[in-house]
Amino acid sequence: MSNKDLKSTVYDRQVRVWGANAQSLFENSHICLVNASASGTEALKSLILTGVGAFTVVDGAVVTEADLGKNFFVEEADLGKSRATSIVEHLKVHNLFLKPENAIAVHEDPIKLLKTSPEFYSKFSLIIVSSCPSDILNEFTAFCANTDIILINVRNYGQLGIVQSFVKEQCIFDSRITPPFTDFRISNPWKELRDLAESLQPEKLDASDHGRMPWLVLMINALDLWEKQKGKRTISYQERKEFEEMTTQWQKAEYEKAVASHDPSKGNLDFQFSPPFENLDEGMRNIHRLAKVELPDETTHLFRLLEEREARMKTVFDPQEPELRQRFWVLTAALRDFVKANNGLLPVSPTIPDMVSSSLFYGKLRQTFAAKANADAQQMLELTSAYIPATGTGEPLLVMTFEEVYNFSTKAGMTLCLNYAPILTLTEKTESEANAARHSNLATMIGEVPDQVMDYFSLYEPEHNAVWIPLVAAADIFRQRHNRFPGQANSGDVVSEAVDNPRHAAVVSKEDFEKDVEDLRTIVQELCKQKGLSLSIASSDLVRETVRFAGGELHSVSAIVGGVVAQEAFKLLSHLFLPLDNTFVYNGLPGVVFTGKL
Amino acid sequence: MSQIHIQQKRFDPIYKQIEHASKYTEEADLSPEEIKDYLHTRKILVVGAGGLGCEVLKGLALSGFSDIHVIDLDTIDISNLNRQFLFTQEDAGKTKSEVAAAFVNRRVKGVKVVPYVGNIMDQPLDWYKTFDIVIAGLDNVEARRWLNATLVNLARNDIMIPMLDGGSEGLFGQARVIIPQMTACYECTMWTVTPEVTFPVCTIASNPRIPAHCVQYAIMHFPESHDGRKCDGDRDDDVDWCLNVAQERAKQFNIEGVDYKLTLGVIKNVIPALASTNSIIAALCVNEALKLAMNLTFMKHYLRYSGSEGINVQPLEMEMNPDCIVCGGAEISLDVGEDETLGNLIDRLKQDETLQLKNPFVIFNGNAVYNSKLPFTEPNLEKTCLSLFGKHAELTVSDKFMPDDQFLRVKIKVGPG
Ligand SMILES: [Zn+2]
């Protein structure tokens, strides 16, 4: 039986969240993990469970005791073996449907590979750079900006977890953002909806039907009556009471007339069931939906991006682009033309909420919406053809199906396009003007840092936690100078040669620790001066906390940010939901989170 | 290589947090070595070995905990495999806690996970007493309420066991820290729990509009043709029967969209679940456990994660509710009308949003006045409170989620309307 096949059962609980289309887009992706740290491995684990079709792990390190303490996908028998190979072996069993050739381990230094054969990385849909110092991250940022590959940086630094995303241009077919209002077209019903409402005016109803009228129909009729009385179709906040009163009186009067003339052969009336009816309550709860719905800001912004694109490229369709993006812009252009041709209105969505009403009336209403959604999608489909060039033999370069257009047009208000700035590390080699603006934005977000770590600072102002970005950058600069992170031991047992350290495991003396605090403080000060950030960062307790973190990964924090990366990777690859733009910081000590655009 | 040596190598990043004091650390009487030892010897209970439980077990095993216990009564289903990574296809039908424990014990040397198969409500209080921390990854409110009340009761007897509670649904999840008698308990904030959506019976019976209404109709009529047995979402025959009836009904009322997936979802009240969200929420709980065991500050008190519109994280400080039925005074006063029946009174208690009682039973002067399991108390529902209790009375009310020795005192005063 097809509906019970293994794959649909395994993925049932997640496909309920995002649907089969998003699942299959995701399954066709190839994800690359750079450096199999704990956080990166955790991210990959969730993505493999979710069903990603192919993955590659690039890591030149071997498995050490340090890995056994933080990474679940290595075991004692792997000690001394290639970390990439061990992790791929342990991870691949978690996707039942993975083809063996699509689980790839590359035992090489990821950064050397990027320098010698960058084309190796060009085949991926998404690259996750995990727990790499920012000089390595900068190289991947530059590569991804040039090649149009999605990049996510994940970093676990003691109790800190950082996630940063970059996509040149993210086209989102269905952002599922909560719209201010869905347009049910109550203020300006199309012909068939108006006809339906007219046929169901209170004076035309049997007494038993008054309470079974969907509020949406009732409100269209009430708004018409309001217009007759007031000469306008708007209801101010102060007039709401008056509007309710008017509708109540009207419904009551018509109901009583209908009762008087009721034909008993049509059945007995239930007098328990009399005005005021629930449909009016529901209607009043939705009174804000009676106002004319303006084109969403997101859509206006999208059309502006389209114009810029046309001005830049002199065309909507670009055969060089990935197909999904070609489709997105052709559909967006059709949508713009549709809106123009329909007095600023978006195509209708067939989705209406459940409401108190009889099956019959609700069914009629639903069918009216469904028919209009179909007709609008059909019009959209016709509009796309103007933007699709033909081949020499007259074949269109892109074939649009009705289903595809329907999916787009019924979500029209949810369509978005995001342009990301490259990941900001504060250790970039060259400074651009754009970055200067970003530094001053960062300076504003962080503000002044009190000398003492105080509860209110960390707890109540999550946005101040952007402060960890310069602090971790300073730790990276420290590492370049000292070949270890501040707070790490200088000698002792070597536990890791991997890019993510720690290199040695040994207790650090109080004197050495304090020296690191002062050295880091100096670096933070230099960095803040250079980037225009408040010098109070350098004098605060937070420098000391950074040294305490000692550049190490904790499994718990790695699993938190690993999960965040997996959610974000799915959103970016499926072009569904609104992704993070562009920075997430978890500060585990008080347990607070910063999210924002840096 | 000595054990100490291996510990130092494996847990170096955790030890670094202990060796040099944080400004976030309360002044401790313990030396760093004592704290390390303290962390490694905590006895910890994981409630639920499902989506969150699997992640929690992995997290604890790699955070220095070695004495880990896990309880679950469930068996493994194929639909768990998209997130419950300690299970494979071959494990289907086996008990979750045993398979999960075996996997972690195999993978992480030096860790011992002890499984229990059964209902948490059947475990004796003496068993709960032995734990230092409890992490709950449950999928239902009733079990959470019971566990919370049990731990608050222990705290009243000076056995303080922190509870870290996680929950997830789709791209949303929440994690919270409950230190019984010190911070708000689960019951203090029942208002944060959204009551289940139920459809009015008349909609199901005569005005179906959406596919779920048709399935509810099938569920409602299922017992009539199955010897009074309720429909069971784990039995293929039952689901098929409901699917058939629901599709028939949908056709009759011109409703589209009744399929197998939807039918199963309604029958089993399926909660959508993702690997990624479980990872985030479980790890948040584990990190709090780690901090508690390292004498670091804990999160205050509740964190809600939402990944659907960007990333939205709401931290929420929770206040203890002095009138909480579990950790507060546990006493409420109600004015009762002269002709108000016991049935009415019970309905009022059930509708109270802060109490959210499901199936309360009422005791007066040591005798059961109403208990749905005792048929002889049924007629009392129709009697007036005045005739049953007099003008002033103190009733003892309890519910299934409340442990045996815990009650809500309801003082009633009968007066005209
Ligand atoms: Zn409480």
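The values are calculated or read from the model by the stated rules, or taken from the named source; none is laboratory data. All figures in this text were calculated on a predicted structure; none of them were measured in a lab. Please note: Cβ atoms are built from the backbone with ideal geometry, for glycine as well, and neighbour counts cover all protein chains shown.
Some notes on this structure:
- Segment B:200-237 - residue that is closer than 30 Å to A:Pro214 by Cβ and hydroxyl-bearing (Ser, Thr, Tyr) and, of those, surrounded by the fewest Cβ atoms within 10 Å (Cβ to Cβ): B:Ser206
- Residues of segment A:477-490 that are over 16 Å from A:Ser509 (Cα atoms) and surrounded by fewer than 23 Cβ atoms within 10 Å (Cβ to Cβ): A:Ile477, A:Arg479, A:Gln480, A:Arg481, A:His482, A:Asn483.
- Top-ranked residue of segment A:522-547 - restricted to ones that are over 16 Å from A:Ala473 (Cβ atoms) and touching a helix residue (DSSP H, G or I) at 6+ places or on another chain (Cβ under 8 Å), ranked as farthest from the other protein chains (Cβ to nearest Cβ): A:Ser539
- A:Phe73 vs. criteria more than 9 Å from chain B (Cβ to nearest Cβ) and outside any strand (DSSP E or B): no
- Scanning segment B:258-305 for residues that are of a type in the set (Ser, Thr, Tyr) and either touching a residue at least 60 places away in the same chain (Cβ under 8 Å) or facing chain A (nearest Cβ under 7 Å) (or both) yields B:Tyr260, B:Ser276, B:Thr277, B:Ser279, B:Thr297, B:Tyr302, B:Tyr305.
- Matching residues, segment A:184-199, being among the charged types (D, E, K, R) and touching a residue at least 60 places away in the same chain (Cβ under 8 Å): A:Arg185, A:Glu192
- Of residues in segment A:175-202 being farther than 17 Å from A:Glu227 by Cβ and in a helix (DSSP H, G or I), the one nearest to the other protein chains (Cβ to nearest Cβ): A:Leu196
- B:Met402 being modelled with pLDDT of 85 or more, buried (at least 17 other Cβ atoms within 10 Å of the Cβ) and either within 16 Å of the ligand (Cβ to nearest atom) or over 26 Å from B:Trp146 (Cα atoms) (or both): no
- Test: residue in segment A:137-148 that is over 26 Å from the mean Cα position of the chain (by Cα), surrounded by fewer than 22 Cβ atoms within 10 Å (Cβ to Cβ), part of a helix (DSSP H, G or I) and modelled with pLDDT of 95 or more: no
- Being away from every other protein chain (no Cβ under 14 Å), in contact with a strand residue (DSSP E or B) (Cβ under 6 Å, 6 or more places away or on another chain), under 30 Å from B:Asn105 (Cα atoms) and buried (at least 19 other Cβ atoms within 10 Å of the Cβ) is a description that applies to A:Val88.
- Any pair with Cβ under 7 angstrom, 6 or more apart, that starts in segment B:66-95 at a residue that is farther than 17 Å from B:Pro115 by Cα and ends at one that is surrounded by 15 or more Cβ atoms within 10 Å (Cβ to Cβ) and polar (S, T, N, Q): B:Ile78/A:Thr9; B:Ser79/A:Thr9; B:Asn82/A:Gln14; B:Asn82/A:Thr50; B:Arg83/B:Asn278
- Number of residues in segment A:312-359 that are free of Cβ contacts under 8 Å to residues at least 12 places away in the same chain and within 14 Å of chain B (Cβ to nearest Cβ): the value is 3.
- Note on segment A:548-576: among residues that are more than 7 Å from chain B (Cβ to nearest Cβ) and of a type in the set (Ser, Thr, Tyr), the one that is nearest to A:Leu324 (Cα to Cα) is A:Ser574.
- Yes/no for A:Phe72 being of a type outside the set (Ser, Thr, Tyr), in contact (Cβ under 8 Å) with a residue 60 or more places away in the chain and out of contact with any Gly (no Cβ under 6 Å at 6 or more places or on another chain): yes
- The set of residues in segment B:309-324 being within 16 Å of the ligand (Cβ to nearest atom) and either outside any loop (DSSP other than H, G, I, E, B) or at pLDDT 90 or above (or both) consists of B:Leu316 alone.
- Filter result for the condition that a residue is within 16 Å of the ligand (Cβ to nearest atom) and away from chain A (no Cβ under 14 Å), over B:Gln351, B:Gln356: B:Gln356
- In segment A:19-47, the residues that are touching a helix residue (DSSP H, G or I) at 6+ places or on another chain (Cβ under 7 Å), within 11 Å of chain B (Cβ to nearest Cβ) and either surrounded by fewer than 24 Cβ atoms within 10 Å (Cβ to Cβ) or without any contact (Cβ under 8 Å) to a residue 24 or more places away in the chain (or both): A:Gln23
- Taking segment B:136-242 as the region of interest, the helices (runs of 4 or more DSSP H) fully inside it that hold 1 or more residues being within 16 Å of the ligand (Cβ to nearest atom), outside the structural domain of B:Pro403 (by TED's automatic domain parsing) and without any contact (Cβ under 8 Å) to a residue 40 or more places away in the chain are B:141-156.
Each row is one residue, and each column tells you yes or no for (1) surrounded by fewer than 24 Cβ atoms within 10 Å (Cβ to Cβ); (2) out of contact with any strand residue (DSSP E or B) (no Cβ under 9 Å at 6 or more places or on another chain); (3) part of a helix (DSSP H, G or I).
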{"site": "A:Ser534", "(1), (2), (3)": "yes, yes, no"}
{"site": "A:Val547", "(1), (2), (3)": "no, yes, yes"}
{"site": "A:Ser558", "(1), (2), (3)": "no, no, yes"}
{"site": "A:Val561", "(1), (2), (3)": "no, no, yes"}
{"site": "A:Glu568", "(1), (2), (3)": "no, no, yes"}
{"site": "A:Lys571", "(1), (2), (3)": "no, no, yes"}
{"site": "A:Pro590", "(1), (2), (3)": "yes, no, no"}
